[in-house]
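Report on the structure given below.
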There are 2 protein chains.
Amino acid sequence: MTVRRGRRPGAPDTRATILAAARTRFAAHGFAGTTIRAVAGDAAVDAALVHHYFGSKDDLFLAALELPVDPRQVLLPAVAEGIDGVAERLLGAFLSAWDDPELQPRLVAVVRGVMDPAGSKLITEGFLPVVLQPVGQALGIDRPELRMSLVASQIMGVILLRYVLRVEPLASLPPDQLVATYAPTIQRYLADPLP
Amino acid sequence: MTVRRGRRPGAPDTRATILAAARTRFAAHGFAGTTIRAVAGDAAVDAALVHHYFGSKDDLFLAALELPVDPRQVLLPAVAEGIDGVAERLLGAFLSAWDDPELQPRLVAVVRGVMDPAGSKLITEGFLPVVLQPVGQALGIDRPELRMSLVASQIMGVILLRYVLRVEPLASLPPDQLVATYAPTIQRYLADPLP
């Protein structure tokens, strides 16, 4: 989805130039090691223009990942109702994006892209702090970094086996059965006492 | 670990030729679609010579993956004592290989190698039937294919986050804490009623 508001006719490639600079810098330096100012410098534009096109650093990062949906808009409503039953709601929201036949191929492409060593930092230093840690914070759970990395370890495995490698019978499991199967695991990682 | 018994001095590259042919054929046709006879044909040797060097098709497949350890020797002793507490024993065995500083870089290399589309069949049509399904059969559990794919979905996530992407705090979690954290999940996937 391309945001075109306010773009000047004389600079048709500015947005693409900024995005390419952001992608390179996030991949090389991770999320924490990247600033809007540095991306602007690489793209030879003013920092204000980066903010104008992309908003915050979080927004720029998610745009650089080229996700077909904003994962914050998918996941955060599921946590608004609190910790009770949150795993079922999170899994339902997750499946609503990943089981969508239009979104799925593009999501798989993103996952394949971050699997290689150059892309690894986009997950470890980007996706986790920008998307998963806010979920933990919104829930107000103890040890949020450990709990969210446990959740990520189960969800990444589902993404890999169900959508990327298409392992049966997991790839064909009906969504409601998948939610019922994984919800106790995710709920335990989020809310139960941990060793 | 190279098995050199019975190799004739006059054919130093025969074993390597067979292995290269096996790797290409398993990657293109998967485990089920590959026969010892076809690999022998590709390598222009007699099928008996393939058996001589590598044993069964299962053995040839694991040799083609170039794993630094035989996963059957790591996992199968853990299931010999039966279903009670098997998750803890399996996780302990898994960590004994993956946390070994000598084995870990070679295991990570194998995982990276099978992540690309050409290598995917090595996991879906090879590793699961050769390594994981025998674990399910040895345990005598109901719905072994579903249960073992659930187990694989959690273990692959741990491999990815702890060893490949090195996500903290999961990457630094002490082994006994990791076993205690994941054992209830694995035990439920293996032994509890499923939806």
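The longest part of chain B holding none of the exposed loop GluC sites (Glu not before Pro), meaning those outside H, G, I, E and B in DSSP with at most 13 other Cβ atoms within 10 Å, is B:103-195.
Label-point distances for residue A:168 to the equivalent site in the other copies, using a point 7 angstrom along Cα→C-beta, read 4.4 nm when ranked shortest first. Per residue of A:142-154, other chain Cβ atoms within 10 Å of the residue Cβ number 5 on average. Using a cutoff of 8 angstrom between alpha carbon atoms and counting only pairs six or more residues apart, the relative contact order for chain B works out to 22 percent. Rounded to 0.05, the FRET efficiency of the residue A:48 and residue A:24 pair, given R0 = 25 Å and the Cβ-Cβ distance, is 0.75. Among A:14, A:35, sorting on how many other beta-carbon atoms sit within 10 Å of each Cβ, with the fewest leading, yields A:35, A:14. Counting charges near residue A:135 (Lys, Arg +1; Asp, Glu -1) among other residues having Cβ under 15 Å from its Cβ returns a value of -2.
Applying 1/(1 + (r/R0)^6) with r as the Cβ-Cβ distance of residue A:16 and residue B:180 and R0 = 51 angstrom yields a FRET efficiency of 0.55. Per residue, chain A reaches -18500 deg cm²/dmol at 222 nm when only DSSP H runs of four or more residues are counted, each adding -39500 (n - 2.57).
Roughly what % of Cα-Cα distances in the protein assembly as shown sit above 35 Å, to the whole percent? Here the long-distance tail beyond 35 Å is 33 percent of all Cα pairs in the protein assembly as shown. Each of A:194, B:91 has some number of other Cβ atoms within 10 Å of its Cβ, and from fewest to most they run A:194, B:91. If you plug the beta carbon distance of residue A:191 and residue A:38 into 1/(1 + (r/R0)^6) with R0 = 35 Å, you get a FRET efficiency near 0.35. Comparing region B:14-65 with the 2.2 N^0.38 Å rule of thumb, its C-alpha radius of gyration ratio is 0.93 (two decimals). Comment: the Cα-to-Cβ extended label point of residue A:143, at 7 Å, lies 2.9 nm from its counterparts in the other copies, nearest first. Here region A:56-183 is treated with +1 on each Lys and Arg Cβ and -1 on each Asp and Glu Cβ, and its dipole about the Cα centre works out to around 300 debye. Got a sec? Charge dipole of region B:41-195, +1 on Cβ for Lys and Arg, -1 for Asp and Glu; which of B:43, B:175, B:131 is way out at the positive end? The residue sitting most towards the positive pole is B:175. Within region B:125-141, list the residues whose amide N lies under 14 Å from a label point set 7 Å along Cα→Cβ of residue A:168. It comes to B:125-126, B:129, nothing else.
Shown for A:160, B:150, A:75: other C-beta atoms within 10 Å of each C-beta, ranked fewest to most, produce the order A:75, A:160, B:150.
Given chain B reduced to its alpha-carbon atoms as identical point scatterers, what log10 I(q)/I(0) does the Debye formula return at q = 0.13, 0.19 Å⁻¹? Calculated log10 I(q)/I(0) at the listed q: -0.75, -1.34.
The rotation axis bringing chain A onto chain B passes closest to the chain A residue reported with its distance as A:157, 2, by C-beta distance in whole Å. Within 10 Å of the Cβ of each residue in A:177-185, the mean number of Cβ atoms contributed by other protein chains is 4.
The same position residue A:105 in the other copies lies at 4.0 nm from this copy, comparing label points 7 Å beyond Cα toward the beta-carbon, shortest first.
Any read-out appearing in this document is the output of simple, stated calculations on the displayed coordinates, not a laboratory observation. None of the values given here were measured: they were computed from a predicted structure. Methodologically, a virtual Cβ is constructed for each residue, glycine included, from the backbone with ideal geometry; neighbour enumeration extends over all protein chains shown.
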